[in-house]
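Below is one structure, written out as structure tokens, with a few remarks after it.
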Amino acid sequence: MDKKKLLSSKIAIIGCGALGTHIANNMARAGVGRIIIVDRDFVEIDNLQRQILFDEEDAVKRIPKVMAAKKKLKKINSEIEIIPIIEDVNPSNIEDIIKDVDLVIDATDNLETRFLINDACIKNDIPWIYGAVIGTEGMSMNILPGKTACLRCLLQMPTSFLPTCETEGVLNTAVAIIASIESTEAIKILLNKKIREEAIYIDIWNSIWLPIKVEKKKDCIACGKREFEFLNGKVTQVKTLCGNAVQINPTKEILLKDLYNRLKEIVDVIDFNEYFLRFKINDYEFTVFKNGRTIIKGCNDEKLAKSLFSKYIGS
Ligand SMILES: [Zn+2]
């Protein structure tokens, strides 16, 4: 394998959960020189069944996933650079995140973000690899803008569009297989080798392994008409997350230090560091990240979350 070529490559892994930790582990050990890892969340104990870069200590401290991943990956390979980004990937930041990478690897858990990656990569002519796992099943597909079919050629506007919270039912070996498939194709793309042309579907529990031929559609809204409806969409301000939590993006910038000084006497501060301020009010646990993005745990009502946010944090 061409080690120099890999060392001079730069990739972005979107998502640092089950697929993301496996893929980052593979890419770091293979010696990919610069690896951007983006994730919006922090480590929790029920992640450990399938998210291989984390341990119980990370979960107890509940540090951001990308920071925990960086710490582990630097111990695995000190020659490479890990670039952690604690962010929710959205239409306003994705092009900036992927602007000078050779390849984007999908390790997200929802179709909305995948369609956004598809739009951004086609628009900017960056190869990307789709990968998804639900239960014992998984899929992957290589997408080379202008050459192959894209994710919207494979999946039209889906009926099952809403993200699911079925992650607890994910078989960790199915994750490892899809992550290995994505990692293998990633290395082939970075080394300009011939890649797999078909999409692939597997069911690891039932030993099904099925290549799927995907035709490039002339009238595809993304790669044909180049109407990037996800990239041109608005940033969702309030979003319900898996695990009884709501995420809120602020409409204006919030400085953590100011927020800490304002709240420290009236709330129960759990943690305040360079990445986030975490505090508790009644049964609600707030994690406010550097840019003001906030996750409120213990709440699955978007209206209530919004009113809690404006009461304690701002608009
Ligand atoms: Zn297409």
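The values are calculated or read from the model by the stated rules, or taken from the named source; none is laboratory data. None of these values were measured; they are calculated from a predicted model. In this analysis, Cβ positions are derived from the backbone assuming ideal geometry, glycine residues included, and neighbour counts consider all displayed protein chains. Protein only, heavy atoms only, side chains kept; ligands, DNA and RNA dropped before computing areas. Shrake-Rupley method; radii C 1.70, N 1.55, O 1.52, S 1.80 Å.
What strands (runs of 3 or more DSSP E) completely inside the stretch 197-262 contain at least 1 residues that are out of contact with any Lys or Arg (no Cβ under 9 Å at 6 or more places or on another chain)?
Details: elements: 199-203, 208-212, 238-241, 245-248.
Correct list: 199-203, 208-212, 238-241.
Being modelled with pLDDT under 95 and either out of contact with any Phe, Trp or Tyr (no Cβ under 6 Å at 6 or more places or on another chain) or within 23 Å of D125 (Cα to Cα) (or both) is the requirement here; does L190 meet it?
No; evaluated as a whole, the condition is false for this residue.
Tell me which residues, restricted to the stretch 147-158, are more than 10 Å from the ligand (Cβ to nearest atom) and modelled with pLDDT of 95 or more.
The one that is more than 10 Å from the ligand (Cβ to nearest atom) and modelled with pLDDT of 95 or more: K147.
Has the stretch 224-240 got at least one residue that is at pLDDT 95 or above and of a type in the set (G, A, S)?
Among the residues of the stretch 224-240, at least one is at pLDDT 95 or above and of a type in the set (G, A, S), which makes the answer yes.
Among the residues of the stretch 118-146 satisfying the criterion of being closer than 18 Å to N90 by Cα and either open to solvent by 30 Å² or more (accessible area, probe 1.4 Å) or among the charged types (D, E, K, R) (or both), which is nearest to the ligand (Cβ to nearest atom)?
D119
Which one of these is farther than 20 Å from T184 by Cα and either away from the ligand (no atom under 16 Å from the Cβ) or not assigned by TED's automatic domain parsing to the domain that holds V175 (or both): V101, V60?
Going through V101, V60 in turn, the sole match is V60.
Just name the residue that is nearest to L241 (Cα to Cα) out of those in the stretch 291-315 that are in contact with a strand residue (DSSP E or B) (Cβ under 7 Å, 6 or more places away or on another chain) and open to solvent by 70 Å² or more (accessible area, probe 1.4 Å).
N300
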